[in-house]
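The values are calculated or read from the model by the stated rules, or taken from the named source; none is laboratory data. Treat the numbers as computed from the prediction; the structure is a model and nothing was measured. A quick note on method: Cβ atoms are made from the backbone with ideal geometry, for glycine too, and the neighbour counts reach across all protein chains shown. For accessibility, only protein heavy atoms count, side chains too; no ligands or nucleic acids. Shrake-Rupley method; radii C 1.70, N 1.55, O 1.52, S 1.80 Å.
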Amino acid sequence: VHPILAAYIVDFPEQCLVACNKESQCPCCLVQSNKCGDLKECVSHSMADMYKTLQHMKKNKPSRKFDAEGLHAVFNPFWKELPFTDIFTCLTPDILHHLHKGIFHDHLVQWCVSIVSKKEIDARFQAMTQYPALCHFKKGISSVSQWTGTENKEMQSVFVSLLASAVEDSVLMVACSLLDFIYYAQLQQHMDTTLIAMEESTKSFHEHKHILIELELHEDFNIPKIHSMQHYISLIHALGSADGYNTKYPEQLHINYAKDSYHTSNKCNYVEQMALWLQCQEAMHYKSAYLAWRKSDVVPLEDGYMDGNGDFEMPCKLQVHYKVAKTPPHCQVSIDHIECDYGAVKFIPMLKCFLASHLGGYQMIQPFRLDRFDMYNYLYVETGPSIITGHSQSFQEIRASPNFTACGHKNETPARFDTVFILGEDHPHMEIITLNSAYILI
């Protein structure tokens, strides 16, 4: 059995290395480096022609084609003898580096900062209304030196509204067209209408990009990452949704297998310690999987179940759909403070109702006014997978924090209580909303 190479998932510099050309060139087609900013189709690279050009250059023979195509002196590419493979059609779109970090952060954000100024951009980010599903950049963005893909996505959620009345309409159209393209490219499922919308977004950008030249932000748009937008539709037709080839997923392994393991070491001779820590994590994973398999071997009873050892256990109907901080910020809070600071005047009766509905006959303890409770400022509610974006797990932040007076160097913080819509499990639209990642508190 000989596997056939169908998709090669790498970031842009490695794409150029695989395609044997310079980073000023497109790794997929023969567009000239000084024509990348034009909206026109170009002929794709040919493996046979490129390999022939490379071998001609290897023999120290001058080649105009080698210089015209911006090739690198990689005379023995790994793909030269791969059967049934065209390496130039295997290079996949890269949402993380092409769109989030490239087009959006490195270009669009920098253009808008040059137009509006850093101070005004920071002030507008700070003035944005806080919302549970949005990240609030309370210190602005100019002081951040390193950005993650998640932070870029959070900026994209509010960027158009942030630019309103701060830039000309043509600049706003440039921002809207690029952000529309980015959002369409992230869809897990595509139809003809979504692909047409992506094409229209690209055309809209090229129709309004002249404003950036008039504002002297750019002399031209010969930027390979902007040119790569033209290849997204054809690559989606050939390889499927671009979300399936996002380099975000393999780069997540850097956190699991490199960063986390390094932080557990003493930073001295850390390689051996990292390997040992990963070995322990793997052993714990195998043990957890074994215990889960053993726990599934139970005998159902009327009021509970009997495990493999013959022990009776009470059923638990509660499923974890949320998470909180490991340590509560407010400990041993009295009922009076809960009613006064949090406005929960019916805390005791509602808590009794909650315990009765979830524990039923197994309820053993009744809450009273003399009891004290630990209070959390944040609740992170898990949302279901989205049939559009395909995100299997995400958490929405819900905040309930009272007013904090100024103390020392800390300024006064106003109270914030988010509103949450609660749907019961018997709601007719419960399943549909869960699949579309709505805000659900169970």
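Does His100 count as in contact with a Phe, Trp or Tyr (Cβ under 9 Å, 6 or more places away or on another chain) and modelled with pLDDT of 90 or more?
Answer is yes for this residue.
Would you pick out the residues in the stretch 185-198 that are within 15 Å of Ser234 (Cβ to Cβ) and either part of a loop (DSSP other than H, G, I, E, B) or not hydrophobic (A, V, I, L, M, F, W, C) (or both)?
Applying the first criterion (within 15 Å of Ser234 (Cβ to Cβ)) to the stretch 185-198 yields 185, 190, 192, 194-196, 198.
Once the filter is applied, which keeps residues that are within 15 Å of Ser234 (Cβ to Cβ) and either part of a loop (DSSP other than H, G, I, E, B) or not hydrophobic (A, V, I, L, M, F, W, C) (or both), the stretch 185-198 yields His190, Asp192, Thr194.
Answer with yes or no whether Leu134 is surrounded by fewer than 17 Cβ atoms within 10 Å (Cβ to Cβ), under 18 Å from the mean Cα position of the chain (by Cα) and hydrophobic (A, V, I, L, M, F, W, C).
It is true that Leu134 is surrounded by fewer than 17 Cβ atoms within 10 Å (Cβ to Cβ), under 18 Å from the mean Cα position of the chain (by Cα) and hydrophobic (A, V, I, L, M, F, W, C).
Looking at (1) more than 24 Å from the chain's Cα centre (by Cα); (2) touching a residue at least 60 places away in the same chain (Cβ under 8 Å); (3) outside any loop (DSSP other than H, G, I, E, B); (4) within 17 Å of Cys112 (Cα to Cα), which is the one condition that is false for Phe221?
Only one criterion in (1) more than 24 Å from the chain's Cα centre (by Cα); (2) touching a residue at least 60 places away in the same chain (Cβ under 8 Å); (3) outside any loop (DSSP other than H, G, I, E, B); (4) within 17 Å of Cys112 (Cα to Cα) is unmet by Phe221, namely (3).
Just checking, how many residues over the stretch 13-44 are part of a loop (DSSP other than H, G, I, E, B) and at negative phi? Walk me through it before giving the result.
Kept after step one, since they are part of a loop (DSSP other than H, G, I, E, B), are these residues of the stretch 13-44: 19-20, 22-28, 30-32, 36-43.
From what's left, at negative phi: 19, 22-28, 30-32, 36-43.
Here the count works out to 19.
Of all residues being surrounded by fewer than 20 Cβ atoms within 10 Å (Cβ to Cβ) and of a type in the set (S, T, N, Q) in the stretch 203-232, which is modelled with the highest pLDDT? Just the residue, please.
Ser204
Before we move on, is Ser201 assigned to a helix (DSSP H, G or I) and in contact with a Ser or Thr (Cβ under 6 Å, 6 or more places away or on another chain)?
The answer is yes for Ser201.
Report yes if some residue within the stretch 78-93 is basic (Lys, Arg) and at pLDDT below 90; otherwise report no.
Checking the stretch 78-93: at least one residue is basic (Lys, Arg) and at pLDDT below 90.
Show the residue pairs that are 6+ apart or on different chains and have beta-carbon atoms under 6 Å apart, the first residue being within the stretch 403-421 and open to solvent by less than 90 Å² (accessible area, probe 1.4 Å), the second being of a type in the set (Ser, Thr, Tyr).
As it stands, the answer is Phe404/Thr413; Arg416/Ser401, since those pairs meet every condition given.
Which of the helices (runs of 4 or more DSSP H) contained wholly in the stretch 236-314 include at least 2 residues that are within 30 Å of Leu359 (Cβ to Cβ) and either modelled with pLDDT of 85 or more or among the hydrophobic types (A, V, I, L, M, F, W, C) (or both)?
270-295
List the number of the failed condition for Arg399; all other conditions in (1) assigned to a loop (DSSP other than H, G, I, E, B); (2) open to solvent by less than 50 Å² (accessible area, probe 1.4 Å); (3) at pLDDT 75 or above hold.
Single failed check for Arg399: (1).
Residue-wise test of (1) in contact with a helix residue (DSSP H, G or I) (Cβ under 7 Å, 6 or more places away or on another chain); (2) not in a helix (DSSP H, G or I).
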| position | (1), (2) |
| --- | --- |
| Gln130 | no, yes |
| Phe137 | yes, yes |
| Ser145 | no, yes |
| Leu172 | yes, no |
| Asp180 | yes, no |
